[in-house]
Amino acid sequence: MDRLRRLGVPSSPCDASAEPPFALVEKERGALRLAAANRAALRLGLTPGLALADARARVPDLLVEEHAPEADRRFLERIAEACDRYTPMVAVNPPHSLILDVTGVPHLFGGEGGLKADAARRMAAAGLTARLACAGTPEAALALARFHRGPPLMDAASEEAALRALPVAALDLPPETETALRRAGLNSVGDIARRPSAPLTARFGAQATWRLARLLGRVDSRITPRRAPPALLFSHPFAEPIGRMEHVMGVLGELAQRAATELEARGLGGRSFEARFYRSDGETRTVRIETGAPVRDPAVVMRLFALRIEALADPLDPGFGFDLVRLAVPQAEPFSQAQGGLDREEQGEDLGALVDRLSMRFGRARFRRLVPRDTHIPERAVAAVPALAAAPESWAAPEPEEPPQRPLYLFRPPLPIEVLAEVPDGPPLRFRWRGGTHDVAAQEGPERIGEEWWRDISRPETPRDYYRVEDKGGRRFWIFRHGIHEGGRAPPLWYLHGLFS
């Protein structure tokens, strides 16, 4: 079995030798200290953690800017977006590292060496320097990228030897633990690996042996990608950047055809499709479409993509050209082939296609549908969700009732009414609504519905007693008494909640 290969990519701003000394500063322990420095500053002995006053004393012409960790995080996310061209399994390891699971990918670039060379070239073109390494575990890849300066590693044996030769700092332990290990004469990973684990754990803590085991692949170690891998993924690289959108959309149509073939083979249809366009300058653009029902017709998919791209506020600009187009199917569901020739089914399909097109053109949130919710509170029984949203888990529908137990039309909020009852807790005899008086000819109830106490346990439960009533004119209403008669409390109020057809 091939080893699981991962690519560690710590990156930092590219520095020319002619650049002046420059550092980022942040406030720490009541003083401004260096958070990062460029190569010119490092060569002059200015290291992170040094007080700014001391740094100024050593290098009076030092240029400084305030450190912005959030901006660094966003920049690292942009680099991660660009690295999606190699694999969807990309993990961000702040403050300055990425980890890529490239299992099954290196052969597309002529091996691990070609993959690293391509990544380094693209980083350099973006004004970055990067140290890259491939290894069998994420921790090993990061450690080799940070500390290994020897020749390329050709096999598992050379990788093991290189890992054991790394300094103890490669374990990324707390400073106090690292200092204790050095004082004990354990200066490299190999020094620690040769010691029994039980005495090491007893003296230096479990973290040291746990990190060593992950570094050397003695325990299972995996990355957590920044986004879940899609169900299906199709890519088309270009030998030269393509700047004409009609050619790019033609390639996207070919990928949609490949996706349709694969979906048909699996008996699935896509509920969402995501097209990513990788520019030669490292920028990426993502266009996502959704459908109300599973689809796999390439013509339908491409029509929705065209509408979505046309409606973009920021037009899709190829710049110096796209060198990679990728189509992903993040969400796929079982696809049932509709029987042709039945008007109701054809109308349903036409309506679904119309909703898809309108949602892509005017926005996902503009068109909504009602879905049932599992609650006994009448006004919460349905929710309005985007028409393209996934349908909720269904439950068995109640059997039709005659007469119906719930009205078709509800007032929101319920309308206050004046009610005359024979006794305080009795059914209504007469009520006034909108200036008119309605004498009750027949009534059913009460049906008590309590509040959902788990929504706010600090609020006392206030039940509702519902009645289905019919006046002498044959009109039917759904009214309720809110609260109960109890000494010391205000009398309950009556409300009209709905009308029966």
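Structure notes:
- The set of residues from segment 405-425 being loosely packed, with under 12 Cβ neighbours inside 10 Å and among the small types (Gly, Ala, Ser) is empty.
- Flag if Leu163 is within 26 Å of Leu100 (Cα to Cα), touching a strand residue (DSSP E or B) at 6+ places or on another chain (Cβ under 7 Å) and assigned to a helix (DSSP H, G or I): no
Residue-by-condition table, conditions (1) under 25 Å from the mean Cα position of the chain (by Cα); (2) closer than 17 Å to Tyr278 by Cα:
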site: Ala82; (1), (2): yes, yes
site: Arg85; (1), (2): yes, yes
site: Val90; (1), (2): yes, yes
site: Pro95; (1), (2): yes, no
site: Leu98; (1), (2): yes, no
site: Val102; (1), (2): yes, no
site: Pro106; (1), (2): no, no
site: Gly110; (1), (2): no, no
site: Gly113; (1), (2): no, no
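- Total residues in segment 39-91, condition farther than 12 Å from Phe22 by Cα, open to solvent by 20 Å² or more (accessible area, probe 1.4 Å), assigned to a helix (DSSP H, G or I) and hydrophobic (A, V, I, L, M, F, W, C): 5
- Yes/no for Ser235 being among the polar types (S, T, N, Q), within 30 Å of Val325 (Cβ to Cβ) and touching a residue at least 12 places away in the same chain (Cβ under 8 Å): yes
- Strands (runs of 3 or more DSSP E) completely within segment 377-440 that count 1 or more residues being at pLDDT 85 or above: 409-421, 428-433
- Per-region count, segment 470-486, residues of a type in the set (D, E, K, R), open to solvent by 60 Å² or more (accessible area, probe 1.4 Å) and in a strand (DSSP E or B): 1
- Number of residues in segment 95-134 that are modelled with pLDDT under 90, in contact with a helix residue (DSSP H, G or I) (Cβ under 6 Å, 6 or more places away or on another chain) and assigned to a strand (DSSP E or B) equals 1.
- When restricted to residues that are part of a helix (DSSP H, G or I) and either closer than 23 Å to Ala389 by Cβ or open to solvent by less than 40 Å² (accessible area, probe 1.4 Å) (or both), segment 285-309 contains 11.
- Tally of residues being among the basic types (Lys, Arg), assigned to a helix (DSSP H, G or I) and either in contact with a helix residue (DSSP H, G or I) (Cβ under 7 Å, 6 or more places away or on another chain) or more than 17 Å from Ala299 (Cβ to Cβ) (or both) across segment 232-259: 0
- Qualifying residue in segment 55-69 (condition: of a type in the set (Asp, Glu) and touching a residue at least 60 places away in the same chain (Cβ under 8 Å)): no
- Single match in Ala202, Ala213 (criterion: among the small types (Gly, Ala, Ser) and either at pLDDT below 90 or over 31 Å from the mean Cα position of the chain (by Cα) (or both)): Ala202
- Given (1) under 30 Å from Ala120 (Cβ atoms); (2) acidic (Asp, Glu); (3) in a helix (DSSP H, G or I), number of the condition Glu262 does not satisfy: (1)
- Residue match in segment 138-153 (condition: surrounded by fewer than 17 Cβ atoms within 10 Å (Cβ to Cβ), of a type in the set (A, V, I, L, M, F, W, C) and not in a helix (DSSP H, G or I)): no
- Residue in segment 170-178 that is within 30 Å of Pro88 (Cβ to Cβ), over 29 Å from the mean Cα position of the chain (by Cα) and part of a loop (DSSP other than H, G, I, E, B) present: no
- Residues that are more than 13 Å from Asp297 (Cβ to Cβ) and without any contact (Cβ under 8 Å) to a residue 24 or more places away in the chain, drawn from segment 260-284: Ala265
- Ala156 falls short on exactly one of the conditions (1) touching a residue at least 40 places away in the same chain (Cβ under 8 Å); (2) surrounded by fewer than 21 Cβ atoms within 10 Å (Cβ to Cβ); (3) touching a helix residue (DSSP H, G or I) at 6+ places or on another chain (Cβ under 7 Å), and that condition is (3).
- Residue ID - farthest from the chain's Cα centre (by Cα), chosen from residues in segment 251-284 that are among the hydroxyl-bearing types (Ser, Thr, Tyr) and open to solvent by 10 Å² or more (accessible area, probe 1.4 Å): Thr261
- Some residue of segment 187-194 being open to solvent by 20 Å² or more (accessible area, probe 1.4 Å), of a type outside the set (Ser, Thr, Tyr), in a helix (DSSP H, G or I) and touching a helix residue (DSSP H, G or I) at 6+ places or on another chain (Cβ under 6 Å): no
The values are calculated or read from the model by the stated rules, or taken from the named source; none is laboratory data. Computed from a predicted structure; not experimentally measured. Don't worry about glycine lacking a Cβ; one is built from the backbone with ideal geometry, like all the others, and counts go over all protein chains shown. Accessible surface is based on the protein model in full, side chains and every heavy atom, while ligands, DNA and RNA are left aside. Shrake-Rupley method; radii C 1.70, N 1.55, O 1.52, S 1.80 Å.
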